[in-house]
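The values are calculated or read from the model by the stated rules, or taken from the named source; none is laboratory data. What you see is a predicted model, and the numbers here were worked out from it, not measured in a lab. Neighbour counts run over all protein chains shown; Cβ positions are idealised from the backbone, glycine included. Surface accessibility is based on the protein's heavy atoms, side chains included, excluding ligands, DNA and RNA. Shrake-Rupley method; radii C 1.70, N 1.55, O 1.52, S 1.80 Å.
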Amino acid sequence: QVQLVESGGGLVQAGGSLRLSCAASGRTFSIYAVGWFRQGPGKEREFVGIWGSTNTYYADSVKGRFTIYKDNSKNTLYLQMNSLKPEDTAVYYCAARLEFRASSWSDVSSYDYWGQGTQVTVSS
């Protein structure tokens, strides 16, 4: 079992920054990759970025503004979000994959564990 807990969400003005955290516990050694997703009001859950075994990847909508990095000593993955826009408003989730899969990083169904989410609201 793996537990994921997100934190760091809040209300920020457009152009501002937030840093989200995803703290992992349990069988963390079994994690192959951890992704960030978001779900805005009335929208499907969408891929934001992934910390994989060898690299990080980002959705085009956040590339250049968001950065994913990891603190191994704390078993925590971070999502640094800069130059936030109102369209970034969503509940943000982290999710863990336990093994390599041929499916795309953006395939929601390919993740084994999910956190509870943290709300990010960007005002204009």
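Among the residues of region 11-22, is there at least one that is open to solvent by 60 Å² or more (accessible area, probe 1.4 Å), among the hydrophobic types (A, V, I, L, M, F, W, C) and modelled with pLDDT of 95 or more?
Among the residues of region 11-22, at least one is open to solvent by 60 Å² or more (accessible area, probe 1.4 Å), among the hydrophobic types (A, V, I, L, M, F, W, C) and modelled with pLDDT of 95 or more, which makes the answer yes.
Filter region 96-124 down to residues that are closer than 14 Å to I31 by Cβ and in contact with a helix residue (DSSP H, G or I) (Cβ under 8 Å, 6 or more places away or on another chain), then give me how many there are.
3
What number of residues within region 87-107 satisfy the criterion of being farther than 27 Å from L18 by Cα, of a type outside the set (D, E) and touching a residue at least 60 places away in the same chain (Cβ under 8 Å)?
Residues that pass the stated criteria total 2.
Any residue that is in contact with a Gly (Cβ under 7 Å, 6 or more places away or on another chain) and more than 18 Å from E6 (Cβ to Cβ) - is there at least one of those in region 77-89?
Checked region 77-89: at least one residue is in contact with a Gly (Cβ under 7 Å, 6 or more places away or on another chain) and more than 18 Å from E6 (Cβ to Cβ).
Only residues that are buried (at least 16 other Cβ atoms within 10 Å of the Cβ) and touching a residue at least 40 places away in the same chain (Cβ under 8 Å): list them for region 110-120, please.
Across region 110-120, the qualifying residues are Y111, Y113, W114, G115, G117, T118, V120.
Against the conditions (1) charged (D, E, K, R); (2) crowded, with 16+ Cβ neighbours inside 10 Å; (3) more than 17 Å from V2 (Cα to Cα), where does R97 fall short? Just the number, please.
(3)
Just one of G42, G64, G8 is surrounded by 14 or more Cβ atoms within 10 Å (Cβ to Cβ) and either of a type outside the set (K, R) or within 14 Å of V120 (Cβ to Cβ) (or both); which is it?
Step by step, each of G42, G64, G8 is checked, and only G8 is surrounded by 14 or more Cβ atoms within 10 Å (Cβ to Cβ) and either of a type outside the set (K, R) or within 14 Å of V120 (Cβ to Cβ) (or both).
Part of a strand (DSSP E or B) and either closer than 19 Å to A90 by Cα or open to solvent by 70 Å² or more (accessible area, probe 1.4 Å) (or both) - does that describe any residue in region 23-30?
No, region 23-30 contains no residue that is part of a strand (DSSP E or B) and either closer than 19 Å to A90 by Cα or open to solvent by 70 Å² or more (accessible area, probe 1.4 Å) (or both).
Hey, any hits in region 87-94 for a residue that's open to solvent by less than 50 Å² (accessible area, probe 1.4 Å), aromatic (F, W, Y) and within 20 Å of A24 (Cα to Cα)?
yes
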